[in-house]
Each structure stands twice: as C-alpha cells, then as structure tokens.
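In what follows, a structure is listed as structure tokens, so that the remarks can point back to it.
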Amino acid sequence: QKEVEQNSGPLSVPEGAIASLNCTYSDRGSQSFFWYRQYSGKSPELIMSIYSNGDKEDGRFTAQLNKASQYVSLLIRDSQPSDSATYLCAVRNQGGKLIFGQGTELSVKP
Amino acid sequence: EPEVTQTPSHQVTQMGQEVILRCVPISNHLYFYWYRQILGQKVEFLVSFYNNEISEKSEIFDDQFSVERPDGSNFTLKIRSTKLEDSAMYFCASSQWEGGNTGELFFGEGSRLTVL
C-alpha cells in the first residue's frame, strides 16, 4: 500500500465550480497534513495545513481531515483557471518525515 | 517574505562528475531537507538534517550523496559521481520545527540537474 495515495486525474471542472481533491494515507499515527500546489516546472507551494479532525477554511480553500478513515480532502470553491495545477497531498508520518502523494492534476476550464 | 533560495537553477553535467547543489534556508528555521522530483513523477524525500547531522535518509540517499551545512547559512547536497538516473529537479526545504503548528515545510524554487 502506498503511504500517501491520490487520484492522478486529470480532474476537470468548469470555472466557478467546486473542485474536490482526495487523499488517503497509511500511517495511522500521522499527525500533520498538508496540501501543496505545484505549477508545471515550479516548486511545491504550501496552501493549507490541517492537524485536527474536521474542517479548516482559508478563503476559497477548505481542508477536511478524518483520522479514523485516514482521509484528507481539499475543496476549492469558485474555481478559477489560475487554480489549474497539480495538487500534492503531504503527510508527516510518525517518524517526522513528510511524504508526498503522486499529486492530482486539476484543470479549470473557462 | 522570507524564502528558501537555491543555486544553481539548472546544471548540466557529464555522467561521473561531482555536483554540488546549494541552498540557503529561511534564517530562523532549524530543520532542513532535500527532496527530488524526476520529471512526471512524485516528490520524493531524500534526507532531513537537524543540529548539524542527518536525522533521517531514504533508500535513494546512498553513499553517492552527502549533505553539509558548512557555515551558518548554506545547506548543500553533493552527488559524488552522477548517474543518468540522477537527472531530476532537486528541492531544498526548511521548517521551523518538525511537529505541531510550525512543522510546515517551505520549498525553494529547485535546481534542475541534467546528467548527460
């Protein structure tokens, strides 16, 4: 089983719609969860962090964490073409190492 | 806003040559990391560094790789004898702490290594 698993996509949504990105992880002891955005040829850019069960909202972004189900998600409301990128789920495992998923490619169509 | 800086942005080298990639982490950060990303693949952990020593390393980080913090600001990754499969984007990252609400990693822009 992969340590951090994401659907690779591409996920295509129309402009203004809600984009929903999902991630599961295998290490039940993980405590810290992150979403990074990566534009092609660029470095990962941190957009959200979440540490406790429930929802965390920041502008158009909402991260959701369910530790019992080992599941993290990211919702992007009012999606814009500029949101088109690869979204990386990252989980800090019990050893402290940050492990990335494969990334989900999001395409927002005007 | 403080940022992680990396040099060079792109390096082309011949197989078997030594390469040193340089990073200046954010100044008040204590934990330093190298990750790599082969084109089209996921971001992979190489090594973490704290208190002037390696705290964890991956299977990728074999004897050909080494890291050093030669002074109070730079953090370097050395590949002793490059192979074709070392061609990748190498990202340096730093964090203030390794846990809790300040365990976020901030990445540099990356150094693209091409081995011919």
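The values are calculated or read from the model by the stated rules, or taken from the named source; none is laboratory data. Keep in mind it's a predicted model, so treat the numbers as computed, not measured. In this analysis, Cβ positions are derived from the backbone assuming ideal geometry, glycine residues included, and neighbour counts consider all displayed protein chains. Just the protein is used for accessible areas: all its heavy atoms, side chains included, with ligands, DNA and RNA removed. Shrake-Rupley method; radii C 1.70, N 1.55, O 1.52, S 1.80 Å.
Taking every protein chain into account, the accessible area of the stretch A:12-110 amounts to 41 square angstrom per residue (probe 1.4 Å). Between B:H29, A:L106, B:H10, the Cα set farthest toward the positive side of the dipole of the protein assembly as shown (charges on each charged residue's Cβ, about the Cα centre) is that of A:L106.
With a Förster radius of 25 Å applied to the C-beta separation of A:Y39 and B:I60, the computed FRET efficiency comes to 0.55. Percent of C-alpha pairs per 5 Å bin in the protein assembly as shown, short distances first: 1, 7, 15, 18, 19, 16, 12, 7, 4, 1, 0.
Surface composition of chain B: carbon and sulfur atoms hold 46% of the protein heavy-atom accessible area at a 1.4 Å probe.
Between A:E5 and B:V12, the modelled labels are 4.2 nm apart [label points 7 Å from Cα along Cα→Cβ]. Considering only alpha-carbon pairs that sit under 8 angstrom and 6 or more positions apart, the relative contact order computed for chain A is 38 percent.
Of the trypsin sites (Lys or Arg not before Pro) found in the stretch B:12-101, those that fall in a DSSP loop while having at most 16 other beta-carbon atoms within 10 Å are B:R80, B:K83.
For B:K42, a cut-off of 17 angstrom between C-alpha atoms picks up these aspartates and glutamates, skipping any fewer than 8 places away in its own chain: A:E3, A:E5, A:E45, A:E105, B:E59, B:E85, B:D86, B:E109. In the stretch A:1-32, whose amide N lies under 20 Å from the spot 7 Å out along Cα-to-Cβ of A:Q94? List them in ranges. So the set is A:1-5, A:24-32. Hull volume per residue, based on the alpha-carbon atoms of chain A and their convex hull, is 92 Å³. The residues of chain B have, on average, 51 Å² of accessible surface per residue, using a 1.4 Å probe with all protein chains present. Taking amide H as placed 1.01 Å from N in the peptide plane, the amide H of A:A85 sits under 5 Å from that of A:L106, each at least 5 places away or on another chain. Taking a point 7 Å out from the Cα of A:I18 in the direction of its Cβ, the residues of the stretch A:40-72 whose backbone N falls within less than 11 Å of it are A:62. Per-residue 3J(HN,Hα) values for the stretch A:7-24, derived from phi via the Karplus relation 6.51 cos²θ - 1.76 cosθ + 1.60 with θ = phi - 60°, read 6, 6, x, x, 9, 10, 10, x, 4, x, 7, 9, 9, 10, 10, 10, 7, 10 Hz in sequence order (x marks Gly and Pro).
What is the ratio of the Cα radius of gyration of chain B to 2.2 N^0.38 Å, with N the residue count, to two decimals? Computed over Cα atoms of chain B, the ratio equals 1.00.
Taking GluC sites (Glu not before Pro) across the stretch B:40-112, the ones in a DSSP loop with at most 13 further Cβ atoms lying within 10 angstrom of their Cβ are B:E59.
Chains B and A together bury roughly 1700 Å² of accessible surface, counting both sides and using a 1.4 Å probe on protein heavy atoms. Placing +1 on the Cβ of every Lys and Arg and -1 on the Cβ of every Asp and Glu, with no other charges, gives the protein assembly as shown a dipole of roughly 220 debye about its Cα centre. Neighbours of A:Y39 by Cβ distance under 13 Å: Lys/Arg scored +1, Asp/Glu scored -1, total -2. Amide hydrogen proximity for B:L46: with H placed 1.01 Å from N in the peptide plane, the residues at 5 or more positions away or on another chain lying under 5 Å are B:W34, B:Y35, B:R36.
Past the 29 Å Cα-Cα mark, which pairs from A:K67/B:K78; A:K97/B:K83; A:K109/B:K83; A:K2/A:K109? Too far apart for the 29 Å limit: A:K67/B:K78; A:K109/B:K83; A:K2/A:K109.
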